[in-house]
């Protein structure tokens, strides 16, 4: 099974071509075969809802569901799982590997810090509709990228002024790791504060896939003065989450292609980068 993660533009392009009945037949035939399996995330729906054109958004949301995709957990939920597994290695405990790609309901349950339940198993069009009709819900979800946008220029200034010392880096890394630590072990035993601190002090960001990739991309941005606009930041969230856990990412985005070698340097990249035209030529 080949896991294929199209970015938003690739998904839109595929949806437009699928309006043609003959193309749709070819698409369905390929999806019915072993490969590829389309992977999407909550960010695809957030981007879909970022429009006043409800009809177009609903069409795209319904198209996404028609692909019968599996769903990638949101970046922070993946990072928590990555840190949990590294923490278990530190404790020398058995730690079952939990999937990063799962069902739509499991993804939205995780976003709400709840266990998966039937109430989260609703069509994508319903999520998109409620976000368009009640934009405040969407603004709450997007605060995550606003915080990132405010932090990046400050880090650049520290780098420029020579104040981003190894001590500062280590402290930032400890905070990142500590924020993702579980409250209990996989067996349900409570994890004490001292044990968490011991782990955080020795933890290596390079050993935690999504944190390693995010750190490498951020370091590159501190130097290169890359964009902090909404689209660039969401592109980064797509990359950080998907690169270690899918087989290919479909994108023509210049930011993706610039950052891809930087992410590869971490040793945690599983996905190959595929252009839109090459992807569409399969159908």
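Quick notes
- When the range 204-259 is filtered for residues that are modelled with pLDDT of 85 or more, in contact with a helix residue (DSSP H, G or I) (Cβ under 9 Å, 6 or more places away or on another chain) and not in a helix (DSSP H, G or I), the ones remaining, listed by number, are 204, 208, 243, 244, 245, 248, 249, 250, 251, 252, 253.
Quick grid of which residues meet (1) part of a strand (DSSP E or B); (2) surrounded by fewer than 20 Cβ atoms within 10 Å (Cβ to Cβ); (3) in contact with a strand residue (DSSP E or B) (Cβ under 7 Å, 6 or more places away or on another chain); (4) in contact (Cβ under 8 Å) with a residue 12 or more places away in the chain:
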| site | (1), (2), (3), (4) |
| --- | --- |
| 4 | yes, no, yes, yes |
| 14 | no, no, yes, yes |
| 19 | no, yes, no, no |
| 23 | no, yes, no, yes |
| 31 | no, yes, no, yes |
| 40 | yes, no, yes, yes |
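- Taking the criterion of being assigned to a loop (DSSP other than H, G, I, E, B), over 24 Å from residue 83 (Cβ atoms) and either in contact with a strand residue (DSSP E or B) (Cβ under 9 Å, 6 or more places away or on another chain) or in contact (Cβ under 8 Å) with a residue 40 or more places away in the chain (or both), the residues of the range 260-283 that qualify are 275, 282, 283.
- Among the numbered conditions (1) crowded, with 17+ Cβ neighbours inside 10 Å; (2) over 19 Å from residue 40 (Cα atoms), the only one that residue 256 does not meet is (2).
- Among the residues of the range 47-66, those identified as surrounded by fewer than 21 Cβ atoms within 10 Å (Cβ to Cβ) and either in contact (Cβ under 8 Å) with a residue 24 or more places away in the chain or under 18 Å from residue 4 (Cβ atoms) (or both) are 50, 51, 52, 54, 58, 59, 62, 63, 65, 66.
The values are calculated or read from the model by the stated rules, or taken from the named source; none is laboratory data. Please read all numbers here as calculations on a predicted model, not as lab measurements. Because the Cβ atoms are built from the backbone with ideal geometry, glycine has one as well, and the counts that use them run over all protein chains shown.
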